[in-house]
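Student: One structure coming up, written as C-alpha cells, with questions to follow.
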Amino acid sequence: MARIVMKFGGTSMAGTERIRRVAGIVKRQQEAGHEVAVVVSAMAGETDRLVTFCREANALYDRAEYDVVVAAGEQITSGLLALHLQALGCKARSWLGWQLPVRTDDAHAAARIETIDSPALLASMAAGEIAVIPGFQGMDGDGRVTTLGRGGSDTSAVAVAAAVQADRCDIYTDVDGVYTTDPRIVAKARKLKYVTYEEMLELASVGSKVLQTRSVSLAMKEGVRVQVLSSFIDESAPPADSIPGTMIVSDEELDRILADSEEGQEMERQLITGIAADKNEAKVTLTRVPDRPGAVAAIFGPLAEANINVDMIIQNIAKDKGETDVTFTCPQADLARTQALLEERKDTIGYYRMIADSKVAKVSVVGVGMRSHAGVASTMFKALADRGINIQAISTSEIKVSVLIDSDEVELAVRVLHTAYELDAA
C-alpha cells in the first residue's frame with residue numbers, strides 16, 4: 001500500500017462528465033489499497049473568467065480582494081469531486097485551504113506556502129477517507145485567503161505530498177507526459193520517460209506548460225517523486241502505477257535507471273532534453289540611464305518589492321556621456337504595473353525614455369548534456385540565423401540557453417531547433 005497525492009488540472013475538471021471520470025480514476029487508486037488525497041484546479045477557463053471580473057472592476061485591483069474572487073474556482077471543483085466520489089460509494093470530503101490549514105506568506109496573487117498542518121489530513125486518509133483539496137489557495141498570517149499564482153495547484157499538490165510524506169505525487173493533465181517540445185507545434189516531439197528535477201525546473205521556468213516552476217522547485221527541495229500522466233484515459237485503464245507517463249526524479253535516481261537499462265544508456269547520450277517557448281513575455285527598455293552606482297538597484301528594487309519577476313537583464317556599455325540603456329523582460333501580465341512603478345520613479349532613476357514591447361517571446365533549449373558538451377549555443381544561433389530569425393536578447397544557465405525573439409516567429413523557431421538538435425521522433 002502506498003500513500004499517493006493525485007492532482008487534476010482544469011481541463012480534467014471541465015464539466016460534470018469529466019469530473020465523474022476523475023472520480024472513477026481516484027476510486028480505482030483507493031481500491032488498489034492506497035491512501036489517497038486529491039488536489040484539484042478550477043474548471044478550464046474559470047480562473048480567466050474570474051480574473052476578467054477583477055480587471056473590469058479595477059484595472060489596478062487590490063490583490064487581496066483579487067484572491068478572494070479567483071480562489072472560488074477551486075472551491076467549487078473540490079466540492080463537486082467530493083460529491084461525485086460519494087455517489088460512487090467512496091468516503092470523501094473536501095478540505096479548503098483555511099481548514100487544513102495551508103499557511104502562506106502575505107504576497108497575494110503570488111503567495112508561497114510556508115507550512116501545511118497534516119495531522120487531521122493523515123488521520124482522515126488512514127480512516128479510508130479520500131481528501132479532496134482545492135489547489136492554488138491558502139491562508140496568510142492574518143487569516144486572509146491567498147492564492148499561489150497561475151498554475152499554483154501543481155505547487156499545492158507537491159506541498160501536500162511533502163506534508164503527508166507521500167510515496168508519489170501524480171499530476172494528471174491534458175498531456176500524457178513531458179515531451180521534447182509542445183506536440184501541438186512539432187508533431188514529431190517525443191515523450192520522455194524520465195526527466196531530472198533540474199531539467200524540469202528549467203523547462204518549466206522557460207515556458208513548458210506541463211508543471212509550474214515552483215512545484216518543481218519544491219519537489220526537488222523535498223524529494224517528492226512526481227509523475228506526469230494524462231487524465232484522458234479509458235475508464236477501464238489500469239491504475240497509474242502501470243501507465244507510462246513521465247517520472248521526474250533526482251539525478252541520483254536517474255543515474256541508477258541509466259546504469260540498469262540499455263534504453264537508459266541510450267538516453268545518457270542525449271545532449272538536449274527539450275525545447276520550450278513562452279509567449280507571455282514583455283520587454284522593457286529604459287534609455288539613457290545614468291551610469292552610476294545604485295542606478296540599476298533603483299530600477300529593480302521596486303519591482304522586487306512588488307513581486308514582479310524580472311528576467312534577461314541587459315545593460316549596454318556606457319556611452320561617453322556616462323549614460324547606458326537597460327533592457328529586461330517581465331511577464332506580460334505584470335507589464336502595466338511595471339510601467340506604472342517605473343514611471344513613478346522616473347526622476348529618481350533618471351532615465352530618459354521607457355520603451356515597452358509585448359510582442360516578444362522566449363525560446364529555450366534545456367539539457368544536462370550542456371555541462372559536458374561545447375557548441376550548444378552556437379548550434380542554436382546558427383539554426384535561427386539560417387531561417388532569418390533575429391535574436392533580441394540572450395540568457396544562459398549551466399543547462400539552458402534562452403533567446404528573446406519576435407512572438408510571430410516562435411513556432412518556426414521551435415521546429416527549427418527541435419530538428420537542429422535531432423530530437424525529432426523517427
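Student: Which whole-number percent is the relative contact order of the chain (Cα, under 8 Å, 6+ apart)?
Tutor: 14
Student: Taking 1 over the mean of 1/r across every pair of different Cα atoms in region 113-170, what Kirkwood radius in Å do you get?
Tutor: 12.2
Student: Okay, moving on. Expressed as a whole number of Å, what is the distance separating the alpha-carbon centroids of region 285-319 and region 179-228?
Tutor: The two parts, judged by their Cα centres, are 31 Å apart.
Student: Size of region 244-392 along its principal axes in angstrom, Cα-based, largest extent first?
Tutor: 63, 34, 29
Student: A further question on this structure: Calculated from DSSP H runs of 4 or more alone, at -39500 (n - 2.57) each and per residue, what is the 222 nm mean residue ellipticity of the chain, nearest 500?
Tutor: For the chain, the value works out to -11000 deg cm²/dmol.
Student: OK, next. Past 24 Å, Cα to Cα, is the threshold; run Lys209/Lys362; Lys188/Lys382; Lys362/Lys400; Lys321/Lys346; Lys191/Lys283 against it and keep the listed order.
Tutor: Lys191/Lys283
Student: For region 343-426, what is the convex hull volume of its Cα atoms per residue in Å³?
Tutor: 136
Student: Per residue, what accessible area does region 286-364 have, given a 1.4 Å probe and all protein chains present, in Å²?
Tutor: 54
Student: Two-decimal Rg/Rh of region 97-251 from alpha-carbon positions, Kirkwood Rh?
Tutor: Rg/Rh for region 97-251 comes to 0.98.
Student: Further, regarding this structure: Within region 1-25, which residues have the backbone N less than 18 Å from the label spot 7 Å out from Ala32 along Cα→beta-carbon, could you tell me?
Tutor: 1-9, 21-25
Student: If you rank Glu198, Glu344 by how much accessible surface each has, with a 1.4 Å probe, what is the order from largest down?
Tutor: From most exposed to least exposed: Glu344, Glu198.
Student: So, one more: In whole angstrom, how long is each semi-axis of the equivalent ellipsoid of region 1-79, when you take the square root of 5 times every eigenvalue of its Cα gyration tensor and sort them from largest down?
Tutor: 32, 13, 7
Student: Could you work out how far apart the two model spin labels at Leu122 and Glu253 are, taking each label as a point 7 Å from the Cα in the direction of the beta carbon, and quote it in nm?
Tutor: 2.1
Student: Straight-line reach only, C-alpha to C-alpha below 24 angstrom: list the lysines that Lys27 could link to, leaving out same-chain residues fewer than 8 apart.
Tutor: Lys7, Lys91
Student: Compute the normalised compactness of the chain: alpha-carbon radius of gyration over 2.2 N^0.38 Å, N being the residue count.
Tutor: So the Cα radius of gyration is 1.03 times the expected 2.2 N^0.38 Å.
Student: Hey, another quick one. Over the Cα atoms, compute the radius of gyration (one decimal) and Dmax (the largest Cα-Cα distance, rounded to a whole number) for region 1-150, in Å.
Tutor: 15.6, 50
Student: Could you work out how far the C-alpha centroid of region 14-43 sits from that of region 332-392, in angstrom?
Tutor: Between the Cα centres of region 14-43 and region 332-392 lies a distance of 40 Å.
Student: Can you sort Glu199, Glu411 by 1.4 Å-probe accessible area, starting with the largest?
Tutor: Ranking Glu199, Glu411 by accessible area, largest first, yields Glu411, Glu199.
Student: Please list His34, His373 from largest to smallest accessible area, probe radius 1.4 Å, with all protein chains kept in place.
Tutor: Ranking His34, His373 by accessible area, largest first, yields His373, His34.
Student: For the pair Asp167 and Arg20, what calculated FRET efficiency results from E = 1/(1 + (r/R0)^6), where r is the Cβ-Cβ distance and R0 = 30 Å, to the nearest 0.05?
Tutor: According to the calculation, E is roughly 0.65.
Student: What share of all Cα pairs of region 285-327, in percent, falls into each consecutive 5 Å distance bin?
Tutor: P(r) over region 285-327, rounded to whole percents: 5, 22, 32, 23, 12, 5, 2.
Student: Which value, in Å to one decimal place, does the Kirkwood hydrodynamic radius take for region 298-384 when every pair of different Cα atoms is included?
Tutor: One over the average 1/r among Cα pairs gives 15.6 Å for region 298-384.
The values are calculated or read from the model by the stated rules, or taken from the named source; none is laboratory data. Bear in mind the structure is a predicted one, so any value in this text is a computation, not a measurement. Virtual Cβ from ideal backbone geometry, glycine too; neighbours counted across all protein chains shown. In case anyone asks, the SASA skips ligands and DNA or RNA and just uses the protein heavy atoms, side chains included. Shrake-Rupley method; radii C 1.70, N 1.55, O 1.52, S 1.80 Å.
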